[in-house]
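**Q** Would you mind keeping the following structure in view while I ask a few things?
The values are calculated or read from the model by the stated rules, or taken from the named source; none is laboratory data. The structure displayed is predicted, hence computed values, not measured ones. Cβ coordinates were reconstructed from backbone atoms using ideal geometry, including for glycine residues, and neighbour counts include every protein chain displayed.
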Amino acid sequence: MKLPFFEGELVRRSSLVFMAALFANLIALIANLIIANILGTEFFGTFKVIIYLFAFLPMFAELGINSSLTKYIAEFGKDSGKSKYIIKWFLKLKLISYILLIAVVFLLKDYIAFYFLKDVSMSYLILAGIILLSFNYFGTFTSIALGFQNFRLYSFSQFLASAASALLAVLLSPLGIFYMVIGWGLGIFVGNIPNVLFLIKKTFRKYENVDMKRLFLKFNLLSYPTEFITSLFTAIIPFLSFFFSQRLLGYYSFAFMFYYAAILIPSSLSIVLFPKFSELDGLKRYDHAKNILKTSFLYYTLIVIIGLVLVFLLSEWFIAFVAKDYLPSLLMFKVIVSLGLILGYNVIYANYLRGLGKVKKYALVTLIQNILLIIASFALLNSMV
């Protein structure tokens, strides 16, 4: 069956998202390599624990809001008065939840420093993390842009956020980890300025109330627990910090950067697929959605084969060239990056389920992915003790 959407529109959108993500992640990767070499394995591990910890903590304040905004804006229509209503409602709710979370983290900063950094005197880094946490609020506007399926704006803002975070962290590195963390958060804010301006200028049809209680019971309430399951991706390094030294976490963080690079293509494709599947769900065109999924798998298989060959042939040469101090993590690097390529199938499938509103199945396949990654990570680190 010929799928004009996949052959034309989806390819163009995915290419736009991918190219923006490619250049942004290339800049971020280079910046992270610079940071890894500047800080050394131990302090690089500390830096990454803070970054990922405060990427995970916002999940306690999300309440399924980001996913719901993307889904319902796409489902209700770009100019709908209902879309206007849910945007305002969710932004207010999320602001309240973030304020409460920041207050709790501030009160517990000494305990957080003790358990995650093994040193209470480093609680000042938790204050930097709180600033990073506050900037994460603006990520909501990225979900709004995605719901409008404005992939040009989404791609630009993602590029700007990722590149700005990495570059600001490098530029502020002479001042220490505290300011590097703040710079990372400031990049998130900078990247979402275009999304905020877009929403301010956006015109909607007549304001139309929505039964938010029904939406919460139908999607938010069910998707909220899945946010924690999905966020396990960012919780891995903080979790491992309970068991392993900062030096080993530095080695792992180096490999983990390239795990993220490995899932770049399926993640970029899924960004486009999710709102499209939501739209097809509203139209009840399930066969069309399934055919797009199958074709996505077919194209991605070629990428996986090429990627695995490159990983096993060139990894040692690459690490020796860019950061030779991290050569002891060669085996970890190969396994983690290969796993990222293979789990790309799961990323695509999970967003197919999420777009169709199959929240429980989405949670299950995402949980399986994160459990596999955690088990593999723990085993690899334990082998280096």
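Yes or no, residue by residue, for (1) at pLDDT 80 or above; (2) under 24 Å from the mean Cα position of the chain (by Cα):
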position: 195; (1), (2): yes, yes
position: 200; (1), (2): yes, no
position: 210; (1), (2): no, no
position: 217; (1), (2): no, no
position: 220; (1), (2): no, yes
position: 226; (1), (2): no, yes
position: 229; (1), (2): no, yes
position: 245; (1), (2): yes, no
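**Q** Conditions: (1) surrounded by 21 or more Cβ atoms within 10 Å (Cβ to Cβ); (2) under 18 Å from the mean Cα position of the chain (by Cα). Residue 148 meets all but one. Number of the miss?
**A** (2)
**Q** Same structure again: Which pairs have Cβ atoms under 7 Å, sit 6 or more apart or on different chains, and link a residue in the range 83-96 that is surrounded by fewer than 21 Cβ atoms within 10 Å (Cβ to Cβ) to one that is of a type in the set (Asp, Glu) and not in a helix (DSSP H, G or I)?
**A** Between residues of the range 83-96 that are surrounded by fewer than 21 Cβ atoms within 10 Å (Cβ to Cβ) and residues that are of a type in the set (Asp, Glu) and not in a helix (DSSP H, G or I), the close pairs are 85/208.
**Q** Got at least one residue in the range 308-318 being under 16 Å from residue 248 (Cα atoms) and at pLDDT 90 or above?
**A** Among the residues of the range 308-318, not one is under 16 Å from residue 248 (Cα atoms) and at pLDDT 90 or above, which makes the answer no.
**Q** What's the number of the only condition in (1) within 20 Å of the chain's Cα centre (by Cα); (2) surrounded by fewer than 21 Cβ atoms within 10 Å (Cβ to Cβ) that residue 324 fails to meet?
**A** (1)
Table: residues versus (1) of a type in the set (Gly, Ala, Ser); (2) over 30 Å from residue 224 (Cα atoms).
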| site | (1), (2) |
| --- | --- |
| 315 | yes, yes |
| 330 | no, yes |
| 359 | no, no |
| 374 | no, no |
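**Q** Then there's this: For residue 164, state whether it is within 13 Å of residue 193 (Cβ to Cβ) and either over 15 Å from the mean Cα position of the chain (by Cα) or β-branched (Val, Ile, Thr) (or both).
**A** When the stated conditions are applied, residue 164 passes them.
Condition check ((1) modelled with pLDDT of 85 or more; (2) outside any helix (DSSP H, G or I); (3) at positive phi) across all residues:
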position: 2; (1), (2), (3): no, yes, no
position: 19; (1), (2), (3): no, no, no
position: 24; (1), (2), (3): no, no, no
position: 27; (1), (2), (3): no, no, no
position: 37; (1), (2), (3): yes, no, no
position: 47; (1), (2), (3): yes, no, no
position: 53; (1), (2), (3): yes, no, no
position: 71; (1), (2), (3): no, no, no
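**Q** Which residues, counting only those in the range 312-369, are of a type in the set (Val, Ile, Thr) and in contact with a Phe, Trp or Tyr (Cβ under 8 Å, 6 or more places away or on another chain)?
**A** Within the range 312-369, 319, 336, 337, 348, 359, 365 qualify.
**Q** Hey, can you tell me all the residues within the range 97-120 that are in contact (Cβ under 8 Å) with a residue 60 or more places away in the chain and in a helix (DSSP H, G or I)?
**A** 115, 116, 117 - these are the residues of the range 97-120 that are in contact (Cβ under 8 Å) with a residue 60 or more places away in the chain and in a helix (DSSP H, G or I).
**Q** What's the number of the condition residue 362 fails, among (1) more than 18 Å from the chain's Cα centre (by Cα); (2) surrounded by 16 or more Cβ atoms within 10 Å (Cβ to Cβ)?
**A** Here residue 362 meets the rest and fails (1).
**Q** Follow-up. Restricting the search to the range 171-199, which residues are farther than 17 Å from residue 138 by Cβ, surrounded by fewer than 19 Cβ atoms within 10 Å (Cβ to Cβ) and of a type in the set (A, V, I, L, M)?
**A** The answer is 171, 172, 175.
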